[in-house]
1. Is at least one residue of segment 322-333 touching a residue at least 24 places away in the same chain (Cβ under 8 Å), aromatic (Phe, Trp, Tyr) and touching an Asp or Glu at 6+ places or on another chain (Cβ under 7 Å)?
2. Exactly one condition in (1) in a helix (DSSP H, G or I); (2) surrounded by fewer than 20 Cβ atoms within 10 Å (Cβ to Cβ) is false for Asp38; which is it?
3. Inside segment 379-394, can you point out the residues that are surrounded by fewer than 21 Cβ atoms within 10 Å (Cβ to Cβ) and touching a Lys or Arg at 6+ places or on another chain (Cβ under 8 Å)?
4. Here are some conditions: (1) over 27 Å from His221 (Cβ atoms); (2) free of Cβ contacts under 8 Å to residues at least 12 places away in the same chain. Leu562 meets all but one. Which one does it not meet?
5. Can you find a residue that is assigned to a helix (DSSP H, G or I), over 21 Å from Glu368 (Cβ atoms), touching a residue at least 24 places away in the same chain (Cβ under 8 Å) and among the hydroxyl-bearing types (Ser, Thr, Tyr) anywhere in segment 71-86?
6. List the residue pairs whose Cβ atoms are under 8 Å apart, where the first residue sits in segment 275-290 and is closer than 21 Å to Phe316 by Cα, the second is in a loop (DSSP other than H, G, I, E, B), and the two are 6 or more positions apart or on different chains.
7. Residues that are closer than 30 Å to Ile403 by Cβ, out of contact with any helix residue (DSSP H, G or I) (no Cβ under 9 Å at 6 or more places or on another chain) and buried (at least 16 other Cβ atoms within 10 Å of the Cβ): does segment 293-314 have at least one?
8. Among the residues of segment 560-588, write down those that are surrounded by 13 or more Cβ atoms within 10 Å (Cβ to Cβ), charged (D, E, K, R) and part of a loop (DSSP other than H, G, I, E, B).
Amino acid sequence: MSAPFSTLAEMFLQIVYRELKRKRRDFVRFKRDGVWHDLSAEEFFRRVVRLSAALLRAGLAPGDRVAILSENRPEWAIADYACIGAGLVIVPIYPTLTAEQTRFILEDSGARAIFVSDATQQAKVESVRAQLPNLARVISMSTDLDAIYGTGAGEALGAFVARCRDEIHSDALFSILYTSGTTGTPKGVMLTHRNLVSNVLGSRKLVDEHDVALSFLPLSHIFERMADYTFYYHGATIAYLGSIDEVPAALAEVKPTVMCAVPRFFEKLYARVIEQVNLAPPLRQKMFWWAVGVGKRRLASTLAGKHVPLTVEMQFAIANALVFAKMRERMGGRLRIVVSGSAPLARELAEFFLACGTTLLEGYGLTETSPVLCANVPGAIRLGTVGRAITGIELKIAEDGEILARGDSIMAGYYKRPDETAEAIVDGWFHTGDIGHIDADGYLTITDRKKDLLKTAGGKFVAPQPIENKLKLIPYVKSAVVLGDKRKFVSALLVVDLEKLSAYAKSQGIAFEKPTELLTNPQINAFMQSLVDAATPDLAHFERIKKLLLVDRDFSIADGTLTPTMKARRSAVESYFKAGIDGLYDEAAE
């Protein structure tokens, strides 16, 4: 059976034809001045067509690179589809990047034009524009697009449709996405139409025309962008948010049925839930943990494919009415599916949300794989794994444990970096850089990043990510990085919540004048060590965390310790906190 389309341009035409027939009024939604607005499919299509024609009239030619520097908003998608229809190559840039980081991407990609969301982003570009001779035009979404939308006529529509149908080919370059650079200088990942189409068609259909998707992860990242293509393809309405800070209000206002998120989102949500529970009266606390226990028993039977005992079902009905339904109501009350990606999700978190009745699905992939390689899907979830390979993807494990992947979604290569491309793709197999194993049923378990593995001075290898995931579930911990490479023992840097620690110190009669004094207080350190030991009882002796460095300054994109996809840059963290880390390993401290 032939594929319904071979390029994203053809996919867009099919989406528009279908939605125009449906006379879709809420094709996309957005919030402006505190009010939610709808944009119809007809108006969305009109704007895409006219913007696409305007880009070509401005002298851009198929193959030219055009950057998008913006928070999530309908104009992001409009610019994206307009470039696709003109045969241009889109270069997304995270709006949180600095001017210098933005300059690097614009220069490396040779971008000839850039869309910016507002005056702040425009000023960022203008501050480095003198160093970018190829950059011919800066287009403001806030001030320039309305004039463009008002131009053009019927002939633009015919030309647009003809280009999408006849002139754009599946192996044509569609986008260059720069990796977040956790281990070095960002590289431009070249993705073709074939790459993305294979991912859209190979992923399980999870939504339909009745769904409302909340889009708040950066469209600059391939995870949300590919998810949005899939939402559009299957007919869901997409509600755009410009910031993750807007999510709590949007959940109540939009009442989405599906959304994508990263583990950091679930970690914070879990922490808020547990904090509220701990503040509740003893009886309510007891009821909450009883309900969670019931949910886990029911979940265990469900995941094992076994019949759920009648007594457990009856107990779950009570737990759902008294506890879980209220939790879900805070998330809008209609959320059917939440997909977690971009970084490893702690098994305990997945189990908790599934036990509470929220279908949380974890998947796995990389920018270089467009991105989805495998995923857990409803009816086939296995905790602790990232699911099975999607249609069209082959996976295997190399002798050293590295995960290798092959299929139509594998990138064309790294832009202007043939040597690194040859190193990453060998005999058609992409080397992911992740370590893992595949069970007899095809479920993939990720152990860690190959480059993140720590090797102690004693020659023992330690995988830090699973340990860090456990540490981040401790109520007093915001972020965690496990340390110990080439060191005598394993330690951990914990970003702690000083407000909570202060409350604990007061309850225990621990004297202090300033909250920051608690970071080096021996009693607090002993308390945190006891929590760490309790959270990691199953670690081997050489993996055990012997010492802690407590800090109150969380990782951030601004100081380089956090990537735009909310992953800690291990090397940057170790450099930023070098003095404190070295202190853990001083002879006197040992």
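1. Checked against the condition, which is being touching a residue at least 24 places away in the same chain (Cβ under 8 Å), aromatic (Phe, Trp, Tyr) and touching an Asp or Glu at 6+ places or on another chain (Cβ under 7 Å), segment 322-333 yields no hits at all.
2. (1)
3. If the condition is that a residue be surrounded by fewer than 21 Cβ atoms within 10 Å (Cβ to Cβ) and touching a Lys or Arg at 6+ places or on another chain (Cβ under 8 Å), then Ala380, Leu383, Gly384, Glu394 are the ones that fit.
4. (1)
5. For segment 71-86, residues assigned to a helix (DSSP H, G or I), over 21 Å from Glu368 (Cβ atoms), touching a residue at least 24 places away in the same chain (Cβ under 8 Å) and among the hydroxyl-bearing types (Ser, Thr, Tyr): present.
6. Cβ pairs passing all conditions: Phe288/Ala280.
7. No, because not a single residue in segment 293-314 is closer than 30 Å to Ile403 by Cβ, out of contact with any helix residue (DSSP H, G or I) (no Cβ under 9 Å at 6 or more places or on another chain) and buried (at least 16 other Cβ atoms within 10 Å of the Cβ).
8. Selection gives Lys567, Arg569.
The values are calculated or read from the model by the stated rules, or taken from the named source; none is laboratory data. In this text, all values refer to a predicted model and were calculated from it rather than measured experimentally. Ideal geometry is used to build each Cβ from the backbone, glycine not excepted, and the neighbour counts take in all protein chains shown.
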